[in-house]
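So the structure is just underneath, and the comments pick up after that.
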Amino acid sequence: MLAKILSSAVIGIDAYVVEVEVDIAQGLPSFSTVGLPEGAVRESKERVKAAIKNSGYHFPSDRITVNLAPADIKKEGSAFDLPMALGILAATGLVDRSSYANYLFLGELALDGLLRPVKGVLPMAIAAKELSLKGIFLPLENAPEAGVVRGIDIFPVHTLSQVVGVLTGMSHIDPFKVDTDKLFQIPDSQVDFRDVRGQENAKRALEISAAGGHNLIMIGPPGSGKTMLAKRISTVLPNLHFEESLETSKVYSVMGLMPKGMGLVTMRPFRSPHHTISDAGLIGGGQNPKPGEVSLAHNGVLFLDELPEFKKNVLEVLRQPMEDGRVTISRANSTVTYPANFMLVAAMNPCPCGFFGDAKRECTCSFNQIRRYRAKISGPLMDRIDLHLEVPSVPYKDLSATTDNGSSADILARVLKARDIQNKRFKETEIYANAGMNSRKIKQFCKIDGESGALLEKAMEKFGLSARAHARILKIGRTIADLEDSPNIKAVHLAEAIQYRTLDRR
């Protein structure tokens, strides 16, 4: 007898429906799985067999063939355990076809029949809704993740026998509901810009960076507060829109990194990989491609501390996603694209010893050592970083000051005001901030008068700035104007923007 159960699998961060076809025929006892199954899928036959027996059902001693269609795409993961077990039970006549048609089944089976959570449930739920299926049966731990998708019933289950009970009418489960409004109640942060003493220039640059979504690099001696500043930039970024949250959550769902009990990633990601990371770890890849840190930082912040300590080939792969906002990974059997629209925040010392240019401590590095150290960061990569910020050592009078510093809430209020202006400016596009403007949008929204044009021309000639640096300066100028609620970019805005191209002038 033949049974067909619907399940799902993921390619990139998008899901597709898989038909799990189970045929039981007379012959020597065997259990074979076809349809390009990977290791975990091939091993599922042992889990399925034990789960069926330990749940109190008869496992047929015939020839069992399981086909995963479409058969020309590799299947990986353990989500096919439940549909395979149900297919066997349906093929023996225990479950009627009308009870499971138009439902999706996902879940890994333990040997005693318990269901364990699986990865990629959010894109699978979206795919099920797009196909107008009635509902999804899945493990209880995955219910919050799938529940954020409206218009489809979610049935959280504990065991294989519970699923069979529902399908045969022996028991009943109410669909799972999620209040998405509660998900976006952001908890209080444990870090605040009020903790940072001094560094008013750095705070100003970080405010501009957050207001326009601009990339930023901080150069300064050890202990000047670069890492402390970077970790607080998340507190002055606007909350995720629902569309942004859904995109980011799909990446985390595929990687199995969704916060426990949460259906969506509601806070902007802050990723800080160690400098020993490989290029595949940063950008994504592997034999079966997986998202890297740049995709996990999508719609958030990617912080690279001690930037010159990263391998040069690792840093160079950042150039394309910084420009395009996505990563395309090609392999012989597949090509996948992951979103990677992140804000890069980097920190570095000015030289190997860290004290080049410091007023109080002497640098012990030679000219060639400093040149080699800075050469680890290529010109094209540095060109793509909008703001270059020098962070000097903090004097004692600032460290010991008792006056209240500007808080994250104060900075966030100004950032939100600027972002509101940008939202109205780009309401008919997919752009959320000034940093996302292309050349056409720059020409449209970054018009400058004669005085500003003369200033920018002089800076271009004197410092030898590239065309990309020219575009970056106009974007930064537009953000500074937005912070001051100015409809036009003035010369004073451009002058400040030019000051943030420090490394172009050396």
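The values are calculated or read from the model by the stated rules, or taken from the named source; none is laboratory data. Small disclaimer: the values here were computed from a predicted structure and weren't measured. Cβ atoms come from the backbone with ideal geometry, glycine included; neighbour counts cover every protein chain shown. Ligands, DNA and RNA are excluded from the accessible area calculation, which covers all protein heavy atoms including side chains. Shrake-Rupley method; radii C 1.70, N 1.55, O 1.52, S 1.80 Å.
What number of residues within segment 202-240 satisfy the criterion of being among the hydroxyl-bearing types (Ser, Thr, Tyr), closer than 16 Å to GLU306 by Cα and either modelled with pLDDT of 90 or more or under 19 Å from the mean Cα position of the chain (by Cα) (or both)?
Residues in segment 202-240 being among the hydroxyl-bearing types (Ser, Thr, Tyr), closer than 16 Å to GLU306 by Cα and either modelled with pLDDT of 90 or more or under 19 Å from the mean Cα position of the chain (by Cα) (or both): 1 in total.
Of all residues in segment 419-467, which are farther than 20 Å from GLU243 by Cβ and in contact (Cβ under 8 Å) with a residue 60 or more places away in the chain?
Looking only at segment 419-467, we keep the residues that are farther than 20 Å from GLU243 by Cβ, and these are 439-440, 442-467.
Result: SER466, single match.
Answer yes or no as to whether LYS376 is open to solvent by 10 Å² or more (accessible area, probe 1.4 Å), in contact (Cβ under 8 Å) with a residue 40 or more places away in the chain and among the basic types (Lys, Arg). Even if it seems obvious, please write down each step before you answer.
Working: open to solvent by 10 Å² or more (accessible area, probe 1.4 Å): yes; in contact (Cβ under 8 Å) with a residue 40 or more places away in the chain: yes; among the basic types (Lys, Arg): yes.
In short, yes.
Can you name every residue in segment 440-457 that is polar (S, T, N, Q) and either within 14 Å of VAL492 (Cβ to Cβ) or modelled with pLDDT under 90 (or both)?
First, pick out the residues of segment 440-457 that are polar (S, T, N, Q): 444, 452.
Hit for segment 440-457 is SER452, nothing else.
If only one of LEU2, LEU28, LEU68 is of a type outside the set (Val, Ile, Thr) and surrounded by 15 or more Cβ atoms within 10 Å (Cβ to Cβ), which one is it? Steps first, please.
Numbers: LEU2 fails: surrounded by 15 or more Cβ atoms within 10 Å (Cβ to Cβ); LEU28 fails: surrounded by 15 or more Cβ atoms within 10 Å (Cβ to Cβ).
Going through LEU2, LEU28, LEU68 in turn, just one is of a type outside the set (Val, Ile, Thr) and surrounded by 15 or more Cβ atoms within 10 Å (Cβ to Cβ): LEU68.
Failed condition for ASN434, given (1) exposed (fewer than 14 other Cβ atoms within 10 Å of the Cβ); (2) in contact with a Ser or Thr (Cβ under 7 Å, 6 or more places away or on another chain), with all others met?
Result: ASN434 fails condition (1) only.
How many residues does segment 338-388 hold that are of a type in the set (Gly, Ala, Ser), part of a loop (DSSP other than H, G, I, E, B) and touching a strand residue (DSSP E or B) at 6+ places or on another chain (Cβ under 9 Å)? If you could, list the steps in order and put the result at the bottom.
Restricting attention to segment 338-388, the residues satisfying the condition of being of a type in the set (Gly, Ala, Ser) are 340, 346-347, 354, 357, 359, 366, 375, 378-379.
Checking which are part of a loop (DSSP other than H, G, I, E, B) leaves us with 340, 354, 357, 359, 366, 378.
Imposing the further condition that a residue be touching a strand residue (DSSP E or B) at 6+ places or on another chain (Cβ under 9 Å) reduces the set to 340, 357.
Total satisfying the criteria: 2.
Out of the residues in segment 119-137 that are in contact with a Phe, Trp or Tyr (Cβ under 8 Å, 6 or more places away or on another chain) and without any contact (Cβ under 8 Å) to a residue 40 or more places away in the chain, state the one that is farthest from PRO291 (Cα to Cα). Lay out the reasoning, then the answer.
Pass one, segment 119-137, residues in contact with a Phe, Trp or Tyr (Cβ under 8 Å, 6 or more places away or on another chain): 127, 133-137.
Checking the rest, the ones that are also without any contact (Cβ under 8 Å) to a residue 40 or more places away in the chain come to 134, 136.
Details: LYS134: 30, ILE136: 26 Å.
Checking each candidate, the answer is LYS134.
Only one of ARG468, ARG414, ARG501 is modelled with pLDDT of 90 or more and either within 26 Å of PRO339 (Cα to Cα) or under 31 Å from the mean Cα position of the chain (by Cα) (or both); which? Steps first, please.
Values: ARG468 fails: modelled with pLDDT of 90 or more; ARG501 fails: modelled with pLDDT of 90 or more.
Every option except ARG414 fails the conditions.
I'd like the full set of residues that are surrounded by 19 or more Cβ atoms within 10 Å (Cβ to Cβ) and closer than 16 Å to ALA347 by Cα, limited to segment 293-307.
Kept after step one, since they are surrounded by 19 or more Cβ atoms within 10 Å (Cβ to Cβ), are these residues of segment 293-307: 293-305, 307.
Residues satisfying the conditions are VAL301, LEU302, PHE303, LEU304, ASP305, LEU307.
Answer with yes or no whether LYS53 is at pLDDT 95 or above, charged (D, E, K, R) and surrounded by fewer than 23 Cβ atoms within 10 Å (Cβ to Cβ).
On the way: at pLDDT 95 or above: yes; charged (D, E, K, R): yes; surrounded by fewer than 23 Cβ atoms within 10 Å (Cβ to Cβ): yes.
The answer is yes for LYS53.
With VAL20, VAL41 as the choices, which residue is β-branched (Val, Ile, Thr), under 20 Å from LEU104 (Cα atoms) and in contact with an Asp or Glu (Cβ under 9 Å, 6 or more places away or on another chain)? Lay out the reasoning, then the answer.
On the way: VAL20 fails: in contact with an Asp or Glu (Cβ under 9 Å, 6 or more places away or on another chain).
Only one candidate qualifies: VAL41.
Any chance segment 95-109 includes a residue that's modelled with pLDDT of 95 or more, open to solvent by less than 10 Å² (accessible area, probe 1.4 Å) and in contact with a His (Cβ under 9 Å, 6 or more places away or on another chain)? Working first, answer last.
Here is the first cut: in segment 95-109, the residues modelled with pLDDT of 95 or more are 103-109.
Now narrow it down to the ones that are open to solvent by less than 10 Å² (accessible area, probe 1.4 Å): 104-107, 109.
Next, from what is left, pick out any that are in contact with a His (Cβ under 9 Å, 6 or more places away or on another chain): none.
Looking for residues that are modelled with pLDDT of 95 or more, open to solvent by less than 10 Å² (accessible area, probe 1.4 Å) and in contact with a His (Cβ under 9 Å, 6 or more places away or on another chain), one finds none in segment 95-109, hence no.
The rows are residues; the columns are (1) free of Cβ contacts under 8 Å to residues at least 60 places away in the same chain; (2) within 14 Å of GLU207 (Cβ to Cβ); (3) surrounded by fewer than 24 Cβ atoms within 10 Å (Cβ to Cβ).
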| site | (1), (2), (3) |
| --- | --- |
| ALA469 | no, no, yes |
| ARG472 | no, no, no |
| GLY477 | yes, no, no |
| GLU484 | yes, yes, yes |
| PRO487 | yes, no, yes |
| LEU494 | yes, no, no |
| ARG501 | no, no, yes |
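Quick check on segment 199-221: of everything there that is touching a residue at least 12 places away in the same chain (Cβ under 8 Å) and over 23 Å from LEU381 (Cβ atoms), which residue is surrounded by the fewest Cβ atoms within 10 Å (Cβ to Cβ)?
Looking only at segment 199-221, we keep the residues that are touching a residue at least 12 places away in the same chain (Cβ under 8 Å), and these are 199, 201-203, 205-221.
Then drop every residue that is not over 23 Å from LEU381 (Cβ atoms), which leaves 199, 201, 203, 207, 211.
Details: GLN199: 24, ASN201: 13, LYS203: 18, GLU207: 23, ALA211: 29.
Checking each candidate, the answer is ASN201.
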